[in-house]
Amino acid sequence: MNINRLILATAASGLVAVSAQAQTNEQLQQALAQAQAAAAQAQAAAAKAQAALEQVLATVARAQQDASAQAKPAAEASKDGSLTFKSGANSVTLYGLIDATVSNRSNANAAGQSVTGFQDAWFSGNRVGLTGSHDFGNDGLKAIFRLESEFNYRDGVNPDSPSLFNRDAWVGLESDTIGKLTFGRQNTLPRDFSQNYGDPYGTAAVNLNEGGWTNNNNFKQMIFYAGSATGTRYNDGLVWKKKFGDKIVAGLGYQFGGIPGDSSRGSTQAAALAYNGGAFNVSGFVNSANVAGLKNRSYSVGGNYQFDLVRLNAGYFDYTADQAAALGSRHDKGTTISAKFTPSGKLDYELGYQIMSANNAAVNGSGYVINAFGNASAATKSGTGKRKTLYGSVIYRLDTSTDLYFAIDKMDTTDTYLAATANGAKTQTEVALGLRFKF
């Protein structure tokens, strides 16, 4: 009996031990599974952290590349040969023009003799310049500037020495909202608004850029009717231009006289308006200047029309000026008409005729009529008559930067009108060949 009880007790004890062992194994397995799950979660978290770190490093690398690209100026060459450097919000363009002319010119001296050889460029003043902008990134607002110097290709001399930037030296602001506002030496406002009809070489439409005409030789003297107290460019000038929609351009110009106690002396005021209609474009200006204490006034209206391959240009100028008391006032009327023919291919053709009619115009000590807006305060004599010029050209465009040209002009004056370029003669003819390179 005791043995049986012992056996039963022993068996029961074994069953209890086996049961306890089974429970322990199950707990161990559960703990191991939990540890494995925790390890898997830790590994996944580590993988996510690694991916996030790699993304941060990639972002930093891209930012460094962008910063390096912005810090290093990039140069771009345009179709016309000018070179633009960009660095971040800044952009600066280097440009220039060299026009070399060989011509035969009659009445090149007072003896009436002709001369053959290099002369002042027939078309364009030789120049080199810098223009640029800084973009504020605020509704397109930019700071802008231009520095431009003229030189003589025959000897490299600046004709207005010691002035370095004798053509342009201005700074300003520009945006679609405010337009273009510039301060310093620059084209007169009337010059920019009449270049589309003053001769056939300007743009058909008026824009916010400086236009100017070609103004070196006989056929280009009408540009002085678009002048100021300092010629066809302002010193101490302030010019505002703005586009209104796609077709209207307006402008105001003011030149400070800078004379202590007399703010009007040497000052100029101008207003201009243009309509760019595509095939038809029209513009005009009113202009007033105080030259050496004498009032000078001009106004003009003109335009152009494109007939298929031919563009016709025409304009009228009216100029009046006070002169020395002994002379009384001067009154000029000028008309210009020209055409530009541009067939397909590399050649284009220009032809023009202009008449400048001067009534009681002051002359200098040599008897030559003083240009409009010139200083006539010391003149004692005057001349009356017409200055008539017929001119034409054929231009062969090698590419967008280089031209070869043949040009001719013939000037005649009537009555007591004498032109300084003809050295006292009543007529002068120029025949020219040239090469013009723009960069």
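FYI, it's all coordinate maths here, none of it is from the lab. For clarity, every value in this text was computed on a predicted model and none was experimentally measured. Cβ: placed from backbone, ideal geometry, glycine included. Neighbour counts: every protein chain shown.
Using the basic label-point model (7 angstrom from Cα toward the beta carbon), what is the LYS247 to SER175 distance in nanometres?
According to this spin-label approximation, the distance is 2.8 nm.
Percentage of Cα-Cα pair distances in region 147-272 greater than 23 Å, rounded to whole percent?
Here the tail beyond 23 Å accounts for 35 percent of pairs.
In whole Hz, what ³J(HN,Hα) sequence does region 221-229 give by Karplus (6.51, -1.76, 1.60; θ = phi - 60°), x for Gly and Pro?
Residue by residue, region 221-229 yields 6, 5, 4, 5, 5, 9, x, 8, 5 Hz.
Shape verdict for region 285-373, please, from the Cα gyration tensor: rounded (a/c under 1.5), prolate (a/b greater than b/c) or oblate.
Cα axes put region 285-373 in the prolate bin.
If r is the Cβ-Cβ distance from PHE307 to SER78 and R0 is 35 Å, what FRET efficiency results, to the nearest 0.05?
0.70
If R0 is 35 Å, what FRET efficiency do you get for HIS134 and ARG397 from their C-beta distance, rounded to 0.05?
So, using R0 = 35 Å, E works out to roughly 0.55.
What does the convex hull of the Cα atoms of region 73-438 come to per residue, in Å³, rounded to a whole number?
Convex hull volume per residue, Cα atoms: 141 Å³.
Cα centroids of region 308-364 and region 251-275: how far apart, whole angstrom?
Measuring centre to centre over Cα atoms gives 23 Å.
At ALA279 and ALA324, where each label point lies 7 Å from the Cα along Cα→Cβ, what is the point-to-point distance in nanometres?
5.4
Can you list the lysines whose alpha carbon sits under 27 Å from that of LYS386, skipping same-chain ones fewer than 8 residues off?
Here the lysines satisfying the reach criterion relative to LYS386 are LYS220, LYS295, LYS333, LYS340, LYS410, LYS426.
Can you pull the Rg over Rh of region 119-210, Cα-only, Kirkwood?
My calculation puts Rg/Rh at 1.02.
Projected area of region 332-410, taken from the Cα convex hull and averaged over every viewing direction, in nm²?
7.1
Please report the net charge: other residues with Cβ closer than 14 Å to the Cβ of ASN138, K and R +1, D and E -1.
Its environment carries a net charge of -3.
By average Cβ neighbour count within 10 Å, what is the ranking of 184-194, 110-120, 235-245, 348-358 from highest down?
Averaged packing, sorted descending, gives the order 184-194, 348-358, 235-245, 110-120.
In nm, what is the difference between 0.36 nm times the number of residues separating GLN30 and VAL431 and their Cα-Cα distance?
133.5 nm
How much length is gained if the chain between ALA100 and TYR316 is pulled fully straight, taking 0.36 nm per residue apart and subtracting their Cα-Cα distance, in nm to one decimal?
Length difference between fully extended and current span is 74.6 nm.
Compute the FRET efficiency between SER288 and TYR349 as 1/(1 + (r/R0)^6), taking r as their Cβ-Cβ distance and R0 = 41 Å, and round to the nearest 0.05.
That gives a FRET efficiency of 0.65.
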